[in-house]
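Down below is the structure, laid out as structure tokens.
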Amino acid sequence: QVQLVESGGGLVQAGESLRLSCAASGTINSINVRGWYRQAPGKQRELVASITRDGRSNYADSVKGRFTISRDNAKNILYLQMDSLKPEDTAVYFCHAFSQYYMNYWGQGTQVTVSS
């Protein structure tokens, strides 16, 4: 089992920055991919960014060049640095982990609101 706890959401103005954090605990060594998803009201949950065990990252086109995913392996923390935020980035952001046993784990979500 893997437990994920997000933090760092909040209310910012357009153009500002936020950094989300996701602390992982449990069977950390079973995780192959970690990532961030988001879900805006009335929309489906979508992938924002992901990073594999060997460090390969992937981003949604809508956030490329503005968001950066990174991790602190020693602390088992995943980060999402969000710069140049736009109102359309407003959503609940979820931390995600995919294990070698094909299990999906989710955090509880953190709200990010960007005002224009």
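Using θ = phi - 60° and the Karplus curve 6.51 cos²θ - 1.76 cosθ + 1.60, what whole-Hz ³J(HN,Hα) does each residue of the stretch 100-107 get, with Gly and Pro shown as x?
So the J values, rounded to whole Hz, are 5, 9, 6, 9, 9, 10, 10, x.
Under the 0.36 nm per residue contour assumption, what length would be gained going from the current alpha-carbon distance of SER115 and ASP72 to full extension?
12.5 nm
Let me know the charge dipole size of the chain about its Cα centre in debye, to the nearest 20, where only the beta-carbon of Lys, Arg (+1) and Asp, Glu (-1) is charged.
For this selection, approximately 180 debye.
Per residue, how much accessible surface does the chain expose to a 1.4 Å probe? Answer in Å², no decimals.
Here the residues of the chain average 54 Å² of exposed surface.
Quick one: what do you get for the chain if you divide its Cα Rg by 2.2 N^0.38 Å?
So the Cα radius of gyration is 1.00 times the expected 2.2 N^0.38 Å.
With Kirkwood's inverse mean 1/r over C-alpha pairs for Rh, give me the Rg to Rh ratio of the stretch 24-65, two decimals please.
For the stretch 24-65, the value is 1.06.
Explain nothing, just compute: Karplus ³J(HN,Hα) = 6.51 cos²θ - 1.76 cosθ + 1.60, θ = phi - 60°, for every residue of the stretch 29-39 in order, whole Hz, x for Gly and Pro.
Values, residue by residue: 5, 7, 7, 9, 9, 10, x, 10, 10, 9, 9 Hz.
Under a straight-distance cross-link criterion of Cα-Cα below 19 Å, which aspartates and glutamates are reachable from LYS86, leaving out those fewer than 8 residues away in the same chain?
LYS86 reaches GLU16, GLU46, ASP61.
Once you place label points 7 Å from the Cα toward the Cβ at GLN44 and SER17, how far apart are they in nm?
Distance between the two pseudo-spin positions: 3.3 nm.
The values are calculated or read from the model by the stated rules, or taken from the named source; none is laboratory data. Given the structure is predicted, the values throughout are model-derived calculations rather than measurements. Positions of Cβ are generated from backbone atoms using ideal geometry, with glycine treated the same way; all protein chains shown enter the neighbour counts. Areas reflect the complete protein model, heavy atoms only, side chains present, ligands, DNA and RNA absent. Shrake-Rupley method; radii C 1.70, N 1.55, O 1.52, S 1.80 Å.
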